[in-house]
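Everything below concerns the one structure shown next.
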Amino acid sequence: MADYEAHEHDVLVIGAGGAGLRAAIEASAVGVRVGLVCKSLLGKAHTVMAEGGIAAALANVDERDNWKVHFADTMRGGQYVNQWRMAELHAKEAPDRVRELEKWGAVFDRTKDGRILQRNFGGHRYPRLAHVGDRTGLEMIRTLQDHGVHQGIEVFMEHTILSILREDGRAVGAFGYERERGRFKIFRAKAIVLATGGIGRAYKITSNSWEYTGDGHSLAYEAGAELIDMEFIQFHPTGMVWPPSVCGILVTEGVRGEGGILTNNQGRRFMFDDIPENYRAQTAKDEEEGWRYCTGDKNANRPPELLTRDHVARCIVREIKQGRGSPHGGVFLDIAWIKEKIPNAAEHIKRKLPSMYHQFKQLADIDITAQPMEVGPTTHYIMGGIHVDPDTQMSRVPGLFACGECAAGINGANRLGGNSLSDLLVFGKRAGEYAAQFAKQTSLGKIDNDKIDNVAREAVAPFERGDGENPYQIQKDLQELMQADVGIVRNQSEMEHALDQLQQLKTRAQRAGVIGHREFNPGWHTALDLKNLLTVSEAITLAAIERKESRGAQFREDYPNKDERFSKVNTMISKGDDGSMQIRLEPLPEMPDYLKQVIEEMK
Amino acid sequence: MSDQTVHFKIWRGDAKGGGFRDYSTECTEGMVVLDAVHDVQREQAVDLACRWNCKAGKCGSCSAEINGLPKLMCMARLSELPTEKPITIEPIKAFPIVKDLITDVSWNFEVKKRIKKFKPRPPDAPDGTWRMQQEDIDRVQEFRKCIECFLCQDVCHVLRDHHLHDRFIGPRFLIYAAALEMHPLDVEDRTDELRNAHGIGYCNITKCCTKVCPENIQITDNGIIPLKERVVDKFYDPLGWIWRAWKKKSDRTRKP
Ligand SMILES: Cc1cc2nc3c(=O)[nH]c(=O)nc-3n(C[C@H](O)[C@H](O)[C@H](O)COP(=O)(O)OP(=O)(O)OC[C@H]3O[C@@H](n4cnc5c(N)ncnc54)[C@H](O)[C@@H]3O)c2cc1C
Ligand code: SF4
Ligand code: SF4
Ligand code: FES
């Protein structure tokens, strides 16, 4: 075996977003040695981009809120295929996790009586999102980062993990490389927490960064864990559509929470035209009531712009397809109109949505306090991911834990805005706690040297193919394929076409070549990420084919309705003995009566 | 300016040395410098190293010097740059070069560890929570907008020209300390370190840092100057010191 630099920890956390940082903090707090690895610099993970807020039933703005309402909202939003136990723990523990951030120095916007302010968001019955203007994620990641650096966590920035190492089925370490110098490293650990985030880079139009190549999903799959709910991809209804260079960048739902309305090119508020049955009782009858809701009137129902994201995204697609879109292929999102309702509207908008104001002014020459924005759906989040035990966050591979966006179960078929940041905190903490506990009861395992040599050999192979295909081209073709064939509106034949094409892309990926040397070489990094992108793309497609119905984020034009047969099952993907990808339908665990009752009460 | 060819000089090299190389790419409407760098990376130089994440001015990864001015590449519109001459793109200067547009900014992460952490007063309410008024946190929130792009560190002459990294923490960490010191809940005292280990005295208020901050944080006026006043008061004004000690205590015991 070649000589690799090796590190040893009790708990190794892979990923330094909200989930990974929270897990690392928790594990180090109980006194075990913690290592933390991430692909970017510390504080730059996706979590930094989150805008709107953290959902938690603090009941600071509306005293009627409590965990039961939050639980019921989350289940309704997820169309009842969520893992109920995760939704329950999440709703119950989120308020404490948010208060804890304040204890660690976070400075949330305040209510008049000095408590943490909460705002409205889609699918949440009451104002529930603790926030800091529209830069909540920055506040959260900075708070965790600044708290964490004093905890003695050993951080490895700009390192990429390529493989999880196992001994007799148990996770015993990870193998990866330092991006700066391209050197390989071994990380031995008694327990491993994956917190690698999402998969958005599998699509052409996305709000996600280069980091979102589904690494954790793919690492876990290869290590023997199962992936659940992979068909459910959230297309956020409002991404920027113009100019082309910013296409896909997110426009926070906070714009609609503050009163922003969606209109088509005829000036019609089309969201009033299609309100789903199960939300009718909670939706405003007219524009007047919708506005009253946004100003905090507790007797008013929310405007239809704040229906769940899957539904809003589909309505937008319908308007565009039927020729009622905006000039650049989106629809209009207008917050400037509130000047009819309140004095100093421009100032109000700038204070509540400063980075949106900034973003449009600087990147699109649009002043959102005076003009409408053009928006359209963008690939944003994956509800599916690594299947874990709801309480401990351990996957079926002993010693391998997962939390945050790369884990799954809490969101079901559709995630409510704000439920991700709270998920990171609640389950990040749990993962850290149980990983530390696991580590305390085990010893370091043995490292399989042959396996490492294989991974290393495969990783440097692109350099031996200097004349091989450009990895960026392969990535681009993959993104276009997924966007076209496994996007917002799906059908059997397109998805079968995608499966077929994915096999060809796999062959091309094995022939990708790069030039230069191993020191900070983005071409090489892109070539290595292809494998993960291809794995998650295949999983998404297989799962979407298997679920022959439309539910939440999955919309199939060949099966446009919900189907009872799929109402109590999840898709489950794993690697077969022959190395091929296997899929099955797994019945949901039976919900206990007390939770059924909660859902009944909140109907 | 849409759909024209734009020329660039991009710095390529590593710690051993390097220089500008010429590239050109087609420019479309709305394009930013980072897009151009990505185009070059995709089509002409797959090993061209640069950092980025959000592409929307939120993460502070893509700092570089564009035509000599420190900027975020993702927020620099090509339409706002003169295109008669090639646009130069080079790494920031206050930190050691790693490769191409990437510098070793790890020093910043080490500095942060040396600043005493947040220490809140006991909770105000029995349920373990605190009360703060919005107007009392506006200033702290301004400082907490910092995206750690380190552009201010890049232009500060104390670091850039005089390389006093071992004696001066730089504007980024002065406002970090200011955010802690002015946090209504914080009861820690960092003035000793600010004066000594953190070297606040090296700052001679040139305000270059404030000018380049992409978050428009008033680093000098709202952060450094009040901090300097605190340091001066504490060390040269014993009466003021007693008054503040009393005030900090009364702040602490004040209930909402
Ligand atoms: C623009 C935008 C706005 C959003 N707004 C909100 C909001 O308002 N409210 C809300 O609840 N949610 C929001 N979300 C969603 C939410 O931000 C994300 O789901 C969440 O931040 C994911 O956190 P995480 O900790 O799971 O992963 P991340 O924060 O993405 O962190 C992943 C980490 O894993 C590391 N990593 C990945 N692969 C590897 C590897 N192979 N080796 C080593 N390290 C690796 C990365 O470097 C990174 O450090 C938003 C998302 C976006 C894109
Ligand atoms: S004002 Fe002070 S900190 Fe800012 S650039 Fe000038 S010397 Fe440096
Ligand atoms: S203070 Fe401004 S310039 Fe300095 S690091 Fe923060 S955001 Fe960048
Ligand atoms: S890429 Fe995030 S600030 Fe430029």
Enter the per residue convex hull volume of the range B:4-102, computed from alpha-carbon coordinates, in Å³ rounded to the nearest integer.
94 Å³
Taking alpha-carbon centroids only, the range B:160-184 lies from the range A:1-70 a number of Å equal to 26 Å
Over 18 Å between Cα atoms: which of A:K339/B:K58; A:K39/A:K531; B:K116/B:K145 fall into that group?
A:K339/B:K58; B:K116/B:K145
Computed on protein heavy atoms with a 1.4 Å probe, what is the summed buried accessible area for the chain pair A and B, in Å² to the nearest 100?
5100 Å²
Pair-distance profile P(r), taking every C-alpha pair of the range B:105-240, with 10 angstrom steps and integer %
12, 42, 33, 11, 2, 0
In range of the label at A:K112: residues from the range A:279-296 whose backbone nitrogen is under 15 Å from the point 7 Å along Cα→Cβ:
A:295-296
At 4 °C and 1.567 mPa s, what whole-number value in µm²/s does Stokes-Einstein give for the translational diffusion of the range A:192-309, with Rh from the Kirkwood sum over Cα pairs?
76 µm²/s
Starting from the amide H of A:R110, placed 1.01 Å from N in the peptide plane, find each other amide H under 5 Å away whose residue is 5 or more places distant or on another chain.
A:L117
When averaged across all projection directions, what area in nm² does the alpha-carbon convex hull of the range A:323-414 cover?
9.8 nm²
Assuming R0 = 30 Å, what is the FRET efficiency of A:H517 and A:K476, from their Cβ-Cβ distance, to the nearest 0.05?
0.80
Per residue Cα convex hull volume in Å³ - calculated over chain B
147 Å³
In straight Cα distance, which aspartates and glutamates are under 13 Å from A:K568, not counting same-chain residues fewer than 8 positions off?
A:D229, A:E549, A:E586, A:E590
What number in nm² do you get for the range A:33-109 if you take the convex hull of its Cα atoms and divide its surface by four?
7.5 nm²
Spatial separation of Cα centroids for the range B:34-72 and the range A:392-449, in angstrom:
33 Å
When each of A:K352/B:K207; B:K16/B:K113; B:K9/B:K55 is checked by Cα-Cα distance, pairs over 26 Å
A:K352/B:K207; B:K16/B:K113
Quick one: pull the percentage of alpha-carbon pairs in chain A with a separation above 43 Å.
16 percent
With a Förster radius of 60 Å, plug the Cβ-Cβ distance of A:E564 and B:Y236 into 1/(1 + (r/R0)^6) and report the FRET value to the nearest 0.05.
0.15
Relative to the first principal axis of the alpha-carbon coordinates of chain A, what is the inclination of helix A:309-321, with its axis defined by its Cα atoms, in degrees from 0 to 90 and to the nearest 10?
70 degrees
Chain B, relative contact order in percent, only Cα pairs under 8 angstrom and at least six apart counted:
16 percent
What does the charge dipole of the protein assembly as shown about its Cα centre add up to, to the nearest 20 debye, if the Cβ of each Lys and Arg holds +1 and the Cβ of each Asp and Glu holds -1?
2160 debye
Degrees separating the helix A:84-103 axis from the principal Cα axis of chain A, which is the longest one
90 degrees
Quick one: plug the Kirkwood hydrodynamic radius of the range A:464-587 (C-alpha pairs) into Stokes-Einstein at 25 °C, 0.890 mPa s, and report D in µm²/s.
154 µm²/s
When the helix-only estimate is applied to chain A (DSSP H runs of n ≥ 4, each -39,500 (n - 2.57), divided by the residue count), what is the mean residue ellipticity at 222 nm, nearest 500 deg cm²/dmol?
-11500 deg cm²/dmol
If one compares the long axis through the Cα atoms of helix A:18-29 with the longest principal axis of the Cα atoms of chain A, the angle in degrees, nearest 10, works out at 60 degrees
Using the 2.2 N^0.38 Å rule of thumb for compact globular proteins, work out how the range A:367-431 stacks up: its C-alpha Rg over that value, please.
1.49
Per-residue Cβ counts within 10 Å, from other chains only, averaged over B:40-48: what number is that?
6
Could you go through the range A:183-188 in sequence order and give the Karplus-derived ³J(HN,Hα) for each residue, using 6.51 cos²θ - 1.76 cosθ + 1.60 with θ = phi - 60°, rounded to whole Hz, and x for Gly and Pro?
7, 7, 9, 10, 10, 8
Calculated FRET efficiency, A:E277 and A:E5, Cβ-Cβ r, R0 45 Å, to nearest 0.05?
0.15
Quotient of Cα radius of gyration and Kirkwood radius for the range A:235-379, i.e. Rg/Rh, equals 0.94
Which of B:K228, B:K112, B:K16 fluctuates most in a GNM of chain B (C-alpha springs under 10 Å)? That residue is B:K16
Counting only other residues whose beta carbon sits under 11 Å from that of A:R430, what net charge do I get with K and R as +1, D and E as -1?
-3
Could you pull the accessible area for B:H162 with a 1.4 Å probe, rounded to 10 Å²?
110 Å²
Residue-normalised accessible area of the range B:11-56, given per residue in Å² at a 1.4 Å probe:
38 Å²
Evaluated over the range A:295-451, the Cα radius of gyration and Dmax, each in Å
22.4, 70
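The values are calculated or read from the model by the stated rules, or taken from the named source; none is laboratory data. Computed from a prediction, not measured in an experiment: that's the story for all the values here. Virtual Cβ from ideal backbone geometry, glycine too; neighbours counted across all protein chains shown. When the accessible area is computed, the model is the full protein with side chains, heavy atoms only, and any ligands, DNA or RNA have been set aside. Shrake-Rupley method; radii C 1.70, N 1.55, O 1.52, S 1.80 Å.
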